Amino acid sequence: MAGTGTAHLRDPDDVLMRIEDLTVEFHTSAGIVHAVSGISLDVRQGETLGLVGESGCGKSTTGRAIMQLPAPTSGRVLFEGIDLAAIDGKHLREVRTRLQFIFQDPISSLNPRRKVKDIVAEPLRIWKRGTEQERQARVTEVLDAVGLDPAVAGDKRPHEFSGGQCQRISIARSLVLEPKLVICDEPVSALDVSVQAQILNLLEDMKARYKITLIFIAHDLAVVKNISDRVAVMYLGKICEVGSPDDLYATPAHPYTAALLRSIPVPDPTVVPSSSGLLLGDLPSPIDPPNGCRFRTRCPAAQERCALEEPQIRAVAEDHFVACHFPLVGTTAPISLPMPAGPVSVPTSPSSRTVTGDEMGEQRRMTGDESGNNAGSTASGSVLLIGAGVTAFIVCSIVQAAGGSSMFTMSFESPDNFLLELAMQVTFWPGWLATVGLIGAGVLGLVDRDS
Ligand SMILES: Nc1ncnc2c1ncn2[C@@H]1O[C@H](COP(=O)(O)OP(=O)(O)O)[C@@H](O)[C@H]1O
Ligand code: SF4
Ligand SMILES: [Mg+2]
């Protein structure tokens, strides 16, 4: 199988939508773009699935392939048990009324020449739903639901609204046919931070009110945390990790997820930003993706096996899955990544959640008490330093004694032997320096460990 496995998929009878081994390739003059390479995902009725990853990792392509816009190169998309790739165009168009898409750029996704009430009513007209009066009533209802005054907004055109208001219009249009599943492709990325929270809250309200299922695409883990029931992390056309937001944020199992979490800015001027463990370099080209694990060229924990063998997704805890040979949590040998000294704040909207460096380090305690091992090695290193310092003192004292002096005699009589005198000169001050330096470093190490 080209994909990274299906261990994270739930019972097909228990889900609204399921994609299996989905692959999307684009044939370009530069070569074949492997935009999505065998991913599997599912979403239950009423659930919100957050799909997260860097720009260019294939999130939008996945969303569009679910809608069959365009149809995937291979793989299956099962919606309400129907394989969308296997049905004819007429049936597909009918199914699409229950599947809606909200775009990233709200302004360009609305026809600038049409009035808002016509934009929102258009799907109802195309599908000949109800009488004109019933359609108008439905438009009024959804505009009201998304927080726009139908009497004022209905006769205006998109350019008369702000970005946030245009996104409200897009949401109204997507809801007008009473869809079952709405795919939101970075719906707040183009909006001001102050407006993002309002739109996220609105989507939550709409989800509860109309009992819809959401796939929420974002490049920022912080954005999806509060609204998702399950989060899937994507990297270069593959799924890396799937889990509940709480598990994924507190104990990320994939080095990529951990790096994404670290890259979230901390809105606290007292916290000094740390560059350790951050994601370095650019996303490799999807035309020529790395063999084995696709993250290996940027992974701080990559080993030989990562180039030879593609990791298959597997469980590391209940409802927590990862595609990594050396996950940060779980039963196999854990890897150690540098943890930030300060708190890693995960700003979410409307409230915020802070994951501390200690909390992220909890994963290491769960996997063989690595922190205990580190403490042990620090202690033995300190003892070795103290031992080396004492040894230096003894050796230098022996040299001084051979010349009839001692380490505590600042001036000594020169012996007849030139070499012995040289040895005494060389060992006196350097001897003291080595003694004090080594013993001091060892003692400091022990004190530091205890504190
Ligand atoms: N129509 C297309 N033709 C060629 N390449 C495409 C096309 N659409 C997307 N891609 C490429 O596929 C990869 C994934 O794109 P996309 O799904 O838009 O990523 P994301 O939404 O995660 O930013 C990117 O490298 C992008 O350039
Ligand atoms: S440890 Fe290996 S398998 Fe895991 S993410 Fe890094 S490169 Fe991939
Ligand atoms: Mg995109």
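FYI, it's all coordinate maths here, none of it is from the lab. For clarity, every value in this text was computed on a predicted model and none was experimentally measured. As a convention, Cβ positions derive from the backbone with ideal geometry for all residues, glycine included, and neighbour counts pool all protein chains shown.
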Practice prompt. Pull up the DSSP beta bridges for segment 166-259 and report the antiparallel fraction as a percent, rounded to 5.
Written response: 50 percent
Fill in: Under 5 Å, built H, 5+ apart or other chain: amide partners of HIS254
LEU328
Item to complete: Within the set of other residues whose C-beta is less than 13 Å from the C-beta of GLY31, count the net charge using Lys and Arg as +1 and Asp and Glu as -1.
Response: -2
Worksheet item: Which shape class, rounded, prolate or oblate, goes with segment 71-164 when its Cα gyration tensor gives a ≥ b ≥ c as root eigenvalues, a/c under 1.5 marks rounded, and past that a/b bigger than b/c marks prolate?
Response: prolate
Practice prompt. Report the full-extension gain for the segment SER263 to SER189: residue separation times 0.36 nm, less the Cα-Cα distance, to one decimal in nm.
Written response: 25.0 nm
Discussion item. Pairs of alpha-carbon atoms within less than 8 angstrom and 6+ residues apart define the contacts here; what relative contact order does segment 123-173 have, in percent?
Written reply: 38 percent
Discussion item. Using Cβ counts within 10 Å as a stand-in for footprinting exposure, how do CYS57, CYS293 rank, fewest first?
Written reply: CYS57, CYS293
Discussion item. Counting only other residues whose beta carbon sits under 12 Å from that of ARG76, what net charge do I get with K and R as +1, D and E as -1?
Written reply: -3
Worksheet item: Within the set LYS117/LYS207; LYS211/LYS238; LYS90/LYS128, which residue pairs have Cα atoms separated by over 24 Å?
Response: LYS211/LYS238
Worksheet item: Which ordering of SER29, SER60, SER406 is given by a fewest-first count of other beta-carbon atoms within 10 Å?
Response: SER29, SER406, SER60
Practice prompt. Counting only C-alpha contacts under 8 Å and six or more residues apart, can you give the relative contact order of segment 30-173 as a whole percent?
Written response: 21 percent
Practice prompt. Count charges around ASP220 for me, please; just the other residues with Cβ under 11 Å from its Cβ, Lys/Arg as +1, Asp/Glu as -1.
Written response: -1
Discussion item. Apply the a/c threshold of 1.5 to the C-alpha gyration tensor of segment 1-106 and tell me whether it is rounded, prolate or oblate.
Written reply: rounded
Fill in: Potential lengthening between VAL436 and ASP14 on full extension [0.36 nm per residue; Cα-Cα distance subtracted]
145.0 nm
Worksheet entry | Prolate/oblate/rounded call for segment 66-125, Cα gyration tensor, a/c under 1.5 rounded | prolate
Worksheet entry | FRET efficiency, 1/(1 + (r/R0)^6) with R0 45 Å, evaluated for LEU280 and THR97 via beta carbons | 0.50
Worksheet item: In whole Hz, what ³J(HN,Hα) sequence does segment 162-174 give by Karplus (6.51, -1.76, 1.60; θ = phi - 60°), x for Gly and Pro?
Response: 7, x, x, 5, 4, 5, 5, 5, 4, 5, 4, 5, 6
Practice prompt. Would you mind pulling out the separation of the Cα centroids of segment 68-110 and segment 126-153, in Å?
Written response: 24 Å
Fill in: Difference of contour (0.36 nm per residue) and Cα-Cα distance, TYR210 to LEU422
67.2 nm
Worksheet, complete the sentence: Computed over segment 91-220, the relative contact order (Cα-Cα under 8 Å, seq sep at least six) in percent reads 35 percent
Practice prompt. Enumerate the aspartates and glutamates that LYS156 could reach by cross-link, defined here as Cα to Cα under 12 Å, with residues fewer than 8 away along the same chain left out.
Written response: ASP118
Discussion item. For VAL36, what residues show an amide H to amide H distance below 5 Å, using hydrogens built from the backbone and excluding near sequence neighbours?
Written reply: VAL24
Worksheet entry | Sorted by Cβ neighbour density within 10 Å, fewest at the top, the residues VAL116, VAL399, VAL322 | VAL399, VAL116, VAL322
